[in-house]
Number of protein chains: 4
Amino acid sequence: MKPNGIILKLDSPDQPGIVSKIASYCALHSANLTEFSQFTDHKENKFFARLELDTSRMDVEDDDFINGFGTLGRALHANWHFRKRPYKMRAAVLVTKTDHCLNEIIWRTELGEMPLEITSIIGNREDCREIAEKHGIPFHYIEMDGELKAAGFEKIRDIIIEEKVELSVLARFMQILPDWFCQQFSGQIINIHHSFLPAFIGANPYRQAYERGVKLIGATCHYVTSDLDAGPIIEQEVRRVQHFHTPADLMRLGRDCERDALAKGIRYHVSDRTIIDRNRAIVFPD
Amino acid sequence: MKPNGIILKLDSPDQPGIVSKIASYCALHSANLTEFSQFTDHKENKFFARLELDTSRMDVEDDDFINGFGTLGRALHANWHFRKRPYKMRAAVLVTKTDHCLNEIIWRTELGEMPLEITSIIGNREDCREIAEKHGIPFHYIEMDGELKAAGFEKIRDIIIEEKVELSVLARFMQILPDWFCQQFSGQIINIHHSFLPAFIGANPYRQAYERGVKLIGATCHYVTSDLDAGPIIEQEVRRVQHFHTPADLMRLGRDCERDALAKGIRYHVSDRTIIDRNRAIVFPD
Amino acid sequence: MKPNGIILKLDSPDQPGIVSKIASYCALHSANLTEFSQFTDHKENKFFARLELDTSRMDVEDDDFINGFGTLGRALHANWHFRKRPYKMRAAVLVTKTDHCLNEIIWRTELGEMPLEITSIIGNREDCREIAEKHGIPFHYIEMDGELKAAGFEKIRDIIIEEKVELSVLARFMQILPDWFCQQFSGQIINIHHSFLPAFIGANPYRQAYERGVKLIGATCHYVTSDLDAGPIIEQEVRRVQHFHTPADLMRLGRDCERDALAKGIRYHVSDRTIIDRNRAIVFPD
Amino acid sequence: MKPNGIILKLDSPDQPGIVSKIASYCALHSANLTEFSQFTDHKENKFFARLELDTSRMDVEDDDFINGFGTLGRALHANWHFRKRPYKMRAAVLVTKTDHCLNEIIWRTELGEMPLEITSIIGNREDCREIAEKHGIPFHYIEMDGELKAAGFEKIRDIIIEEKVELSVLARFMQILPDWFCQQFSGQIINIHHSFLPAFIGANPYRQAYERGVKLIGATCHYVTSDLDAGPIIEQEVRRVQHFHTPADLMRLGRDCERDALAKGIRYHVSDRTIIDRNRAIVFPD
């Protein structure tokens, strides 16, 4: 990752001269645009952008630049978000039994592929404790069976808040989140669903795929909303399957889809490459 | 295509020694196995196979060999089917307005990529008449709007029977087939559905995909049964899409999926590489 | 294709404020930026951009706007190119025997997928005359065997100039172009090479791929330079192959790669989505 | 993996009745053919096959069945190989600095995806010691710089022999193997080359790919012969790249190719799904 500078994400009603205004504000203070991605939704009359700025020759402090942007942002009726580099986004990974997605995230994080810091791994089973401890990441076991579920999610909320977690990753976490949780952390929860949504919504999608005799299986990485498996899609992956693949084979091939799609989805999110717009995600890929 | 010899397709209850028995019958008459594909469904206890036989050194006539197999076939409680090479499977292509799938089929047929002879193109619109005539294929315009629909399908049936058509291809044919038609030509109708089934069943799947914000779109080639869009899947294709793709872009990218999936599906069918088993298709690809 | 407005392509040394300056010039005259793609090569200190402008509310005529940009362009030491929409890029397609690439280009052009007008098809064999005539496109047969080759390329040059051709597509044209021809039409000739370059340079790549036992074959669409098969790559496609595929199968699968890669490459070029930079092509895909 | 039974791999000159003879031998002793993959190379007149046998109802002991096959095998002038299930193939993994391929192999092995037992990890750097120790696998550090290289390979040979290793995996092992080593363990060494062979043979392929401006990068898993990067290819993978990807990005995307291709290559080898035939690998994929 390029270590310094600032990332700006912005969305607003579309309007003439908007690129010029944003770029001029940057140029005014010698913030050099090193990457500029933009999308105009002509049907909805909306403007979306992501900018990477080299601030090494800027004539003011980063915070001064960021604060000063507010005047323009308000004039544009925009939503905007700045992030100063270098940074690491603090994340909690929620798991149940299987560890392939967790392993993938840890591996890519340790390799420095994305600016992520896993502050804790939270499990409603003990299965992933060992991998957490091997990598020196705190593991929180939280019982969630039956009546304990409601209290469990409150405990998770406390951990998220206490550890200043910005992103919660559901890495094959086999519990349905309560509405209040989805709403409190809206836009901050990423799930990997083990099917090519919207096909095979709900439980046991590989079994469903096998019964249907599909020739491709997939996985979908999406933001979590209170509407199960219907949140904005960030990334999808598929693998080819044939008649001789058993449900166990589909699970094996599906694991590869899940790891790929989740890793990419997280990468885009922590690099501020996603903007949620109603029920879809604008993604500026790298 | 290899020009001579015999293709045998067979399915039966699984049983010990079945490969040996089939191969021995072939060897007995010096029919040389040049390709042998087999699948055993251990869960359902079923056996499926496809054989290509070089008959150039066989000690009997082809028909004698084929007839003689019946004794073994019955002993195995099998369904089986022989085809003598060279052959061209006679097909009717049903269309409405768009011609990209039709064009693809004609092109691959003319190139000799598959043993297919398009005996007629049947349209419930006149749009594809020109392309049919350019390639010297008879075009039948059949009105199917409103009350004419029932009679229209009877006319199509007559054409199919009269022309000894073995395969009907729905190449973006925008009419729902009546039950009696699906049943009369069961296993002989191939459709291209313009979505990645079972996602986006029904009308206007590209619009549905756009609204859902998916990151991959697809097409599904399947056998037609009376249950809409739920017949055995032969082939599926996907293309990556992004937030900036409009429904028109999805249609454009979808056309490429449709051409690919349909061409492969037809290829597998006319090469006797598919066996329908309940609601799935066993496909031995080449 | 969006029908109106202006496309601007530009490359220049990178410099602070460049986006701001370009966008401000547009905003100054109420040219609305509907699409803005940009790439900064930090290593080479170069800036590349492509802009789509909605000019419906512009305060001057298109040509006035375009001419006025020159002052800024020169100040930026830029190369730039404007194109007014709607337009159709005039193209000649050069062929020898096989017609699959030609067929693909004609089909996509007729469908309106890209702003292309095929003004002529030039063949050093007669094989493609029929398809040209079916589609009402003039066919020029030019003998190029042996001593006729040099004169043949002069005739092709004459056709290109006379017909105001902006793009020459080598659609499996089996003749090596002379240096003077490559230089005269530099950046205006696109070739499809039937291998995954830089593997299998030169003749008979499918045979080479078969002998090497590769598991993927490909095709490469690239600009033609005088260095054989080494020009800037626009697009590449691959297909999976297995041990049982014969050289004839590789040719069949390769045809699909070639059609895809060439169609995309042409699409990017005629949409002004490519910028040639030394030996590579910057491509802003859609 | 299906736990019991026998796998038979065989290659021989092609000859009439060969399938019948093999299947009859199995049927004679009630060994049930559960999977039968076959390939006839008509050009070279060779026959290749892989059989999975359910031996639960066999009328003799496994070893008796295996020994008895010799009579038929010799009559067919075949090479053949039996393996009794369940088994774990003993493997050494050779590494230098990077651990992504090693991590992938360990992860899939621990998950039980393939019948592999990693008996030791051998490094000419200390970098991978930690990951080895975390997973309880012995790590052998062997100095190979300069004059120590020859002795180093003798030490590796000793480890391989002493630990009864059947497969050596070069998981980004950055040393060229001596000829004697390649020959002694012919067909038992698998390498991952970080390019889409035969493109970019030799050192620093990602840099080469970047300089060439390719639009796809790849990785190749192949058997090692004394001819550098020219051994039989088992599997290849590609990823799409664009102009904005730096050499560091290509390395990141390349890592994903390498992990995929190597994992599949190993999987096919340890499942006895590969047969080496001169300079290519017959692969019966699952």
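The values are calculated or read from the model by the stated rules, or taken from the named source; none is laboratory data. Source: prediction; values computed, not measured. Cβ placement follows ideal geometry from the backbone for every residue including glycine, while neighbour counts extend to all protein chains displayed.
Scanning the stretch D:127-134 for any residue that is part of a strand (DSSP E or B), under 20 Å from D:E163 (Cα atoms) and charged (D, E, K, R) turns up nothing. The residues on offer are B:I66, B:I106, B:I7, and the sole one that is part of a strand (DSSP E or B), farther than 30 Å from D:S56 by Cα and aliphatic (A, V, I, L, M) is B:I7.
Going by the structure shown, is D:A91 more than 14 Å from every other protein chain (Cβ to nearest Cβ) and modelled with pLDDT of 95 or more? Yes, satisfied.
Checked against the criterion of being farther than 30 Å from A:M58 by Cα and more than 8 Å from chain A (Cβ to nearest Cβ), the stretch C:72-81 contains one or more residues that satisfy it.
The requirement of being over 24 Å from the mean Cα position of the chain (by Cα) and under 22 Å from B:L28 (Cα atoms) is satisfied by D:A23. Restricting the first member to the stretch B:262-284 and to residues that are more than 10 Å from every other protein chain (Cβ to nearest Cβ) and in contact (Cβ under 8 Å) with a residue 60 or more places away in the chain, and the second to residues that are surrounded by 23 or more Cβ atoms within 10 Å (Cβ to Cβ) and part of a helix (DSSP H, G or I), the beta-carbon pairs closer than 6 Å and six or more apart or on different chains are B:L262/B:C101. If the condition is being outside any strand (DSSP E or B) and within 22 Å of A:A263 (Cβ to Cβ), then the stretch A:164-174 contributes A:V165, A:E166, A:A171, A:R172, A:F173, A:M174.
Of the residues examined, D:V224 is not one that is more than 7 Å from chain C (Cβ to nearest Cβ), in contact with a strand residue (DSSP E or B) (Cβ under 8 Å, 6 or more places away or on another chain) and either farther than 17 Å from D:H193 by Cβ or of a type in the set (F, W, Y) (or both). Residues in the stretch A:243-258 that are in contact (Cβ under 8 Å) with a residue 24 or more places away in the chain and within 10 Å of another protein chain (Cβ to nearest Cβ) were compared, and the one that is surrounded by the most Cβ atoms within 10 Å (Cβ to Cβ) is A:R255.
All of (1) in a loop (DSSP other than H, G, I, E, B); (2) of a type outside the set (G, A, S); (3) touching a Lys or Arg at 6+ places or on another chain (Cβ under 9 Å); (4) more than 25 Å from C:G231 (Cβ to Cβ) hold for D:D229 with one exception: (3). The residues in the stretch B:1-26 that are in contact with a Pro (Cβ under 7 Å, 6 or more places away or on another chain) and within 8 Å of chain D (Cβ to nearest Cβ) can be counted, and the count is 0.
Condition first: charged (D, E, K, R), at pLDDT 95 or above and in the same structural domain as C:I275 (by TED's automatic domain parsing). Can you find one or more residues in the stretch C:219-233 that meet it? No, the stretch C:219-233 contains no residue that is charged (D, E, K, R), at pLDDT 95 or above and in the same structural domain as C:I275 (by TED's automatic domain parsing).
Within the stretch A:61-102, the residues that satisfy the criterion of being in contact with a Cys (Cβ under 9 Å, 6 or more places away or on another chain) and under 20 Å from A:I266 (Cα atoms) are A:V93, A:V95, A:T96, A:T98, A:D99, A:L102. Among the residues of the stretch C:28-41, the ones that are in contact with a strand residue (DSSP E or B) (Cβ under 7 Å, 6 or more places away or on another chain) and either without any contact (Cβ under 8 Å) to a residue 40 or more places away in the chain or of a type in the set (S, T, Y) (or both) come to 9 in all. Looking at D:P205, is it buried (at least 23 other Cβ atoms within 10 Å of the Cβ) and either touching a helix residue (DSSP H, G or I) at 6+ places or on another chain (Cβ under 6 Å) or assigned by TED's automatic domain parsing to the domain that holds D:C128 (or both)? Criteria met by D:P205. In the set C:F69, C:F173, C:F65, only one residue is over 30 Å from C:I18 (Cβ atoms), in contact (Cβ under 8 Å) with a residue 40 or more places away in the chain and of a type in the set (F, W, Y); that residue is C:F173.
Residues that are among the hydroxyl-bearing types (S, T, Y) and either assigned to a strand (DSSP E or B) or within 18 Å of C:R108 (Cβ to Cβ) (or both) within the stretch B:109-121 comprise B:T119, B:S120, listed in sequence order. Is there a residue being assigned to a loop (DSSP other than H, G, I, E, B), among the small types (G, A, S) and touching a Ser or Thr at 6+ places or on another chain (Cβ under 6 Å) anywhere in the stretch B:195-205? Looking through the stretch B:195-205, none of the residues is assigned to a loop (DSSP other than H, G, I, E, B), among the small types (G, A, S) and touching a Ser or Thr at 6+ places or on another chain (Cβ under 6 Å). If only residues of the stretch C:225-240 that are in contact (Cβ under 8 Å) with a residue 24 or more places away in the chain and either under 13 Å from C:D256 (Cα atoms) or crowded, with 24+ Cβ neighbours inside 10 Å (or both) are counted, the one that is farthest from the chain's Cα centre (by Cα) is C:R240. When A:M58 is tested against (1) more than 8 Å from every other protein chain (Cβ to nearest Cβ); (2) surrounded by fewer than 21 Cβ atoms within 10 Å (Cβ to Cβ); (3) out of contact with any helix residue (DSSP H, G or I) (no Cβ under 7 Å at 6 or more places or on another chain), just one condition goes unmet, and that condition is (3). Selection of the stretch B:104-139 for residues being over 17 Å from B:G152 (Cα atoms) and of a type in the set (G, A, S) yields B:G112, B:A132, B:G136. The listed residues are A:C101, A:C26, and the only one of them that is within 19 Å of C:D14 (Cβ to Cβ) and at pLDDT 95 or above turns out to be A:C26. Taking the criterion of being at the interface with another protein chain (Cβ under 7 Å from one of its Cβ atoms) and on the phi > 0 side of the Ramachandran plot, the only residue of the stretch A:201-221 that qualifies is A:G213. The residues of the stretch D:27-55 that are hydroxyl-bearing (S, T, Y) and either at the interface with chain B (Cβ under 9 Å from one of its Cβ atoms) or within 22 Å of the chain's Cα centre (by Cα) (or both), listed by number, are D:S30, D:T34, D:S37, D:T40.
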